[in-house]
Amino acid sequence: MADEPKTHAPETPAVPAVAAKPAAAKPAAILDNDTKLAGRTTSPAARVAKEAPAGEDDSSPLMGRRGWMGLAWGAFTAANAGCLAATGRFMFPNVLNEPPTQFTVGFPADYGVGVDERFKDTRGVWIVRTENDYAHEVPGFYALFSICTHLGCTPNWLSAENKFKCPCHGSGFRPTGINFEGPAPRPLERTRIALAEDGQILIDKGVKFQEELGAWTNPDSFLPL
């Protein structure tokens, strides 16, 4: 067999290699900035995320957990302090705030017949000297509370009209304390009156005598001369 002629594939012409261009070198200033920014984020969102404290578990935009805890403890402490102050005030009352119920108002010779208003504002009583008492029918002294028996206002003594007159609702009382006009439902009240050891008139506002109960006949409601 005759040898067949050999066929050869056409050879691809060689492409000349193109030499890679070397990367342009960055200026030293840019390299320095790259070094400084390595591992850092520069976007606004990234900065906020980076600045947020790690492990923060409070979603309140106004106050953190520590703030709320401090506020709660402050309120608790203030409440306890208020309770302790009230307890102390109850256990140790300031007795100086209450005026004494017993006091002297001078000697009998210091008074003339009629209504004396010297102790109306400071002690809340009128001292009355009479030549013939409504209940005891003898001369002497009695003391009236300067409190209207209607709603507790303070009546005025009208010497020209010889009566007590309440400015609130118009109740009127005679010098004896008996009510005779206006809405007052009963007479003025008397206090205990006596002579102290030094001879002065002693008033005791801790004891009251009401005429409608027949208490004006009690010896302690009148000081005879």
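The values are calculated or read from the model by the stated rules, or taken from the named source; none is laboratory data. All values reported here derive from a predicted model rather than from experimental measurement. Glycine gets a Cβ as well: all are built from the backbone with ideal geometry, and neighbour counts include every protein chain shown.
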Just checking: which of the strands (runs of 3 or more DSSP E) contained wholly in segment 97-136 hold 2 or more residues that are farther than 13 Å from THR176 by Cα? 102-104
Search result, residues across segment 137-156 that are aliphatic (A, V, I, L, M), assigned to a loop (DSSP other than H, G, I, E, B) and in contact (Cβ under 8 Å) with a residue 40 or more places away in the chain: VAL138, ILE147
Which numbered condition GLU161 misses (of (1) surrounded by 14 or more Cβ atoms within 10 Å (Cβ to Cβ); (2) farther than 20 Å from ASP121 by Cβ; (3) without any contact (Cβ under 8 Å) to a residue 24 or more places away in the chain; (4) not polar (S, T, N, Q)): (1)
Is it the case that segment 69-77 has a residue that's modelled with pLDDT under 65 and either surrounded by 10 or more Cβ atoms within 10 Å (Cβ to Cβ) or not in a loop (DSSP other than H, G, I, E, B) (or both)? no
Only residues in segment 178-191 that are without any contact (Cβ under 8 Å) to a residue 40 or more places away in the chain count as the first member; pair them with residues that are among the aliphatic types (A, V, I, L, M) and not in a strand (DSSP E or B), Cβ under 8 angstrom, at least 6 apart or cross-chain, and list the lot. ASN179/LEU188; PRO187/ILE178
Conditions (1) closer than 24 Å to ASP198 by Cβ; (2) modelled with pLDDT of 95 or more; (3) under 32 Å from the mean Cα position of the chain (by Cα): number failed by PRO108: (3)
Qualifying residues in segment 113-149 (those that are within 19 Å of THR101 (Cα to Cα) and among the small types (Gly, Ala, Ser)) - the one surrounded by the fewest Cβ atoms within 10 Å (Cβ to Cβ): GLY124
Here's a check for you: in segment 182-192, which residue that is closer than 21 Å to ARG123 by Cα and touching an Asp or Glu at 6+ places or on another chain (Cβ under 7 Å) is surrounded by the most Cβ atoms within 10 Å (Cβ to Cβ)? THR191
Pick from GLY214, GLY172, GLY177, GLY199: which is among the small types (Gly, Ala, Ser), under 24 Å from PHE103 (Cα atoms) and surrounded by fewer than 21 Cβ atoms within 10 Å (Cβ to Cβ)? GLY199
In segment 171-193, is there at least one residue being of a type in the set (A, V, I, L, M) and under 32 Å from the mean Cα position of the chain (by Cα)? no
